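The structure appears below as structure tokens.
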Ligand code: GDP
């Protein structure tokens, strides 16, 4: 027997903080990520995240496409230690086209950080992402960014967040001035005053922090007028806003709000300090049969993302598994309930922010990357033998459809294989109509077709184009009555197809057609999402 002492899984789980940043493009997510990593000691200098992005692009040809388009198709996981905690930051793809991918990343986190541009306020994509978070009552902290520029009045901004996003705001820091007049922030919980000093603020030691507004020196630094103005404003704020209530935060009802400037590294440390203290550690997760507690001794986890290997020399893929309970150890075998097989988790990756590393161990809240050649799909559960399946990682009905057209008809096999494999990664879905030999691709965003065409050529040597097809929307078909289902199948064969996993799907040429089909078959359910299972 091994002499390794069993670590206390509950202690390791309790110190994990697994989260994602949600924001509208350009609000400052990348910049803030960089600064957070800086505080985690993971990188030496600001700018490295962008640098890493560029280096990653260079490793694979098809990612040149991302670069051309100025978007990030892939997302990654960054882990860093901070104040005795282990922080896992799951990056969400930034482009609006990749909503589904983002959605699934959000199923793998325990909380989220919302970044808002002080001048732009609540933007369209923030609203969408917030809706997604609300589905699981994900706790959310808010960072109002770009305080070094003129923006909306902070009180009005909080009002906007409350009314547009329907969440209570509890300001934890409050800005002293803005734009040219930005002097700092005051911490409403500790009372501390953090001065804004461009070019500094890289560490707590590097910042000027007064214990309170009344401390000697404060008036001198921010000016008597501004101090008086601030005191008036704080009175107003304290009357009008909510004090921080941890329970309300954990229930997703209230968002603690911070103000700062990512690019100036200002206001970030108070945010991070508060975050590691109050953000939830890994929570219990639902499966088809029972709740799985993080501190349970046996390993469980689910796959929320699949990515083609970034090294073009290796055509395998990496499945990103969020550990939900137990402990992962290098080389261990895991049970894969969907196939009923055991899988050796050899050479799994962890994602230390400095670089990818081979995982020795991982605990609840951590993410590991498992190499495979297509055996693993999004939504798959892994256990140490128990036949359970985590729920809540859906496929969405795509909204755009194209028929794949081959340049060289002899390459049909490769095309099928390519489309099926790429659809396993989750960004596109692949349908085969019952009554024709068409190969139909569905996507949530139009950019996906370009990505798929590019990758088919690059990775599978298949030149394909995508042409218009008369499909407006898709619905997964469910019917518990076998006879009625068969009847439905016969009557509607022209509009039915199988998805990559073999599930029956209704491809409606128009919305009206869908409505009629639904009216004619009341016993049949038409589902806009399908749970991976
Ligand atoms: P993302 O698209 O949300 O990842 O946003 P980025 O982090 O790439 O930032 C978008 C732009 O805003 C970049 O030009 C940043 O330099 C800039 N930016 C980020 N934070 C701040 C800030 O605090 N103040 C100002 N003035 N600009 C910022």
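Rule-based calculations on the coordinates, nothing more; no lab input. Predicted, not measured: the structure shown is a model, and the values here were computed from it. Neighbour counts are summed over all protein chains in view; Cβ atoms, including those assigned to glycine, are modelled from backbone coordinates with ideal geometry.
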(message) Viscosity 1.306 mPa s, temperature 10 °C: give me the Stokes-Einstein translational D for the chain in µm²/s, with Rh taken as the Kirkwood radius over C-alpha pairs.
(response) 64
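Based on the Cβ-Cβ distance from residue 329 to residue 410, what FRET efficiency comes out when R0 is 60 Å, to the nearest 0.05? If you can, show how the numbers build up before the last one.
Values: r = 47 Å, r/R0 = 0.78.
Calculated transfer efficiency: 0.80.
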(request) Sticking with the crude label model, points 7 Å out along Cα→Cβ, report the distance from residue 346 to residue 518 in nm, one decimal please. (result) 5.0
(message) How far apart, in nanometres, would the label points at residue 234 and residue 119 be if each is projected 7 angstrom from Cα along the Cα-to-Cβ direction?
(response) 2.9
(request) Could you check the simple spin-label distance between residue 486 and residue 468, using points 7 Å along Cα→Cβ, in nm with one decimal? (result) 4.0
(request) With r as the distance between the Cβ atoms of residue 225 and residue 298 and R0 = 56 Å, compute the FRET efficiency 1/(1 + (r/R0)^6) and round to 0.05. (result) 0.35
(message) How many angstrom lie between the Cα centre of the range 269-297 and the Cα centre of the range 505-520?
(response) 41
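Need the full-extension length gain, residue 205 to residue 384, defined as separation in residues times 0.36 nm minus the C-alpha distance. One decimal, nm. Can you show the working numbers first?
Working: separation 179, 0.36 × 179 = 64.44 nm, distance 4.65 nm.
So the extension gain works out to 59.8 nm.
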(request) Please give the helix 482-491 orientation as an angle from the longest Cα principal axis of the chain, in degrees from 0 to 90, rounded to the nearest 10. (result) 80
(request) Give, in nm to one decimal, the length gained when the segment between residue 435 and residue 503 is fully stretched (0.36 nm per residue of separation minus the Cα-Cα distance). (result) 23.0 nm
(message) Suppose we keep just the alpha-carbon trace of the range 161-209; what are its Rg and Dmax in angstrom?
(response) 13.3, 38
(request) Report, to two decimal places, the Cα Rg of the range 432-511 normalised by 2.2 N^0.38 Å (N = number of residues). (result) 1.27
(request) Sort 506, 460 so the one with the fewest other Cβ atoms within 10 Å of its own Cβ comes first. (result) 460, 506
(request) Please work out the C-alpha center-to-center distance from the range 407-445 to the range 104-151 and express it in whole Å. (result) 35
(request) Can you tell me the 0 to 90 degree angle between the C-alpha axis of helix 224-240 and the longest principal axis of the chain, rounded to 10? (result) 50
(request) Could you compute the FRET efficiency for residue 446 and residue 528, with r as their C-beta to C-beta distance and R0 at 25 Å, rounded to 0.05? (result) 0.80
(request) For a footprinting-style exposure proxy, rank 174, 476 by other Cβ within 10 Å, fewest first. (result) 476, 174
(request) Give the angle, between 0 and 90 degrees and rounded to the nearest 10, that separates the Cα long axis of helix 124-135 from the longest principal axis of the Cα atoms of the chain. (result) 80
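If you rank 30, 339 by fewest surrounding Cβ atoms within 10 Å, what's the result?
339, 30
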